[in-house]
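Inspection log for the structure reproduced underneath, given as structure tokens.
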Amino acid sequence: METMPTPKIIYLSRKEIDTDKWNSCVKNANNSMIYGMSWYLDIMTENWGGIIWGNYLAVLPLPYKLKMGIKYMCRFPLLQQQGLFFPATAEESLILNMINTIPKTFKIIEFNFSSGLNFEKLKLKKNSNFILDLDKNYATLSQNFSSNTKRNIKKAIKNELHIVKLDDFKPLITLKRKQSATVISPQVYNKIEALISHAQAKGNAKIYYAKNKNNETVSACFFLFFRNTVYYLLGASVKSKESQGATFLLFNEFIKTHANTNLTLDFEGSNIAGIARFFSGWGATKKEYYTYRKENLGLLKHFKKKHE
């Protein structure tokens, strides 16, 4: 009896990738996530290619930047986890072989595996994410809110804040520009706007605003729907006594609206203790994911040290 050939593992550039087969693999994966879809990668990264097993039996996106002819992978905004995406349980040997297939032309390799993938041989860095299943009624879900969460919702109501849902994302971007604790480049804002526009065209975006009694925006959140998951991708808030509890009121409204559905709210998590407490305060479950990093610098190590 003739044995079936072992599927090959290869690297393909973006232009070589069969988009339909790639997206089908990501959508049908048992760990399917929005971050693996080709259109999402096209919008949010500068360049990307991928490692493919066989006829798109499994795929691993490789987003990267190009500087002075040098390819290096790094973290892109709103791109928390990169896979690998596969339709069934993946053997550790397969994943290791896919990683080993990453071309040496990538001088720095860094990406986040999707939740649940952790291999001791790779010495991965642990990160925290938080998810909340919305399959119960609001009364049941709210019983799991922390006392701090409940207190801040009451503060927002006392401050006469109210929630509106709008298609216009400009106030969110404006608020983010004013209130962001980190410097975000104009290019990144352009990508975020393109992402929201694309998601709105597909009917997969919702933007919630918290407004004060003068109808001024004091907090805003962008949620993106993909399959049975809702991703909290972007938020911004005014820091003032009068706007206390605004973000709590936003999430409370979102959870109340989508309770008793088959949706899962993905908070995107954080390794920052204060933000992690905010997410866990909704009764969310901690779900760890891991970062892989490797350098193929060779003589470039000296250049890196010189410029550190």
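Labels on offer are (1) 32, 22, 16; (2) 26, 22, 19; (3) 37, 23, 18, and the one holding semi-axes √(5λ) of the Cα gyration tensor in Å computed from this structure is (3). Remark: for residue pairs Lys125/Lys241; Lys150/Lys287; Lys27/Lys287; Lys202/Lys256; Lys107/Lys170; Lys71/Lys123, the C-alpha separation exceeds 31 Å in Lys125/Lys241; Lys107/Lys170. Summary value for the chain: 23 percent relative contact order, contacts being C-alpha pairs under 8 angstrom separated by 6+ residues.
Between Gln179 and Glu91, the contour length at 0.36 nm per residue exceeds the Cα-Cα span by 27.2 nm.
Once the C-beta distance of Ile275 and Ile70 is scaled by a Förster radius of 30 Å, the resulting FRET efficiency is 0.35 to the nearest 0.05. Could you tell me how far the Cα centroid of region 39-91 sits from the Cα centroid of region 104-142, in Å? Here the two parts' Cα centres lie 15 Å apart. Computed on the Cα trace of region 235-283, the radius of gyration divided by the Kirkwood hydrodynamic radius gives Rg/Rh = 0.99. Cross-link partners for Lys178 among the aspartates and glutamates, with Cα-Cα distance under 18 Å and sequence neighbours closer than 8 places in the same chain left out: Asp168, Glu193, Glu216, Glu242.
Full extension of the segment from Lys21 to Ser197, taken as 0.36 nm per residue of separation minus the current Cα-Cα distance, would add 60.9 nm.
Our estimate of slack between Tyr138 and Val188, defined as 0.36 nm per intervening residue step minus the Cα-Cα distance, is 14.4 nm. FRET efficiency for the Lys104 to Lys125 pair, using the beta carbon distance and R₀ = 22 Å, is estimated at 0.50. Each of Met68, Met44 was scored by other Cβ atoms within 10 Å of its Cβ. Arranged with the fewest first, they read Met68, Met44. For the chain, the longest principal axis of the alpha carbon atoms and the long axis of helix 19-28 meet at an angle near 60°. Karplus-derived 3J(HN,Hα) values for region 144-158, using 6.51 cos²θ - 1.76 cosθ + 1.60 with θ = phi - 60°, are 8, 5, 6, 4, 5, 5, 4, 5, 6, 4, 5, 4, 4, 5, 5 Hz; glycine and proline are entered as x.
FYI, it's all coordinate maths here, none of it is from the lab. Every value quoted in this text rests on a predicted model; they were computed, and no experiment measured them. Using ideal geometry, Cβ is built from the backbone for each residue, glycine included, and neighbour counts are taken over all protein chains shown.
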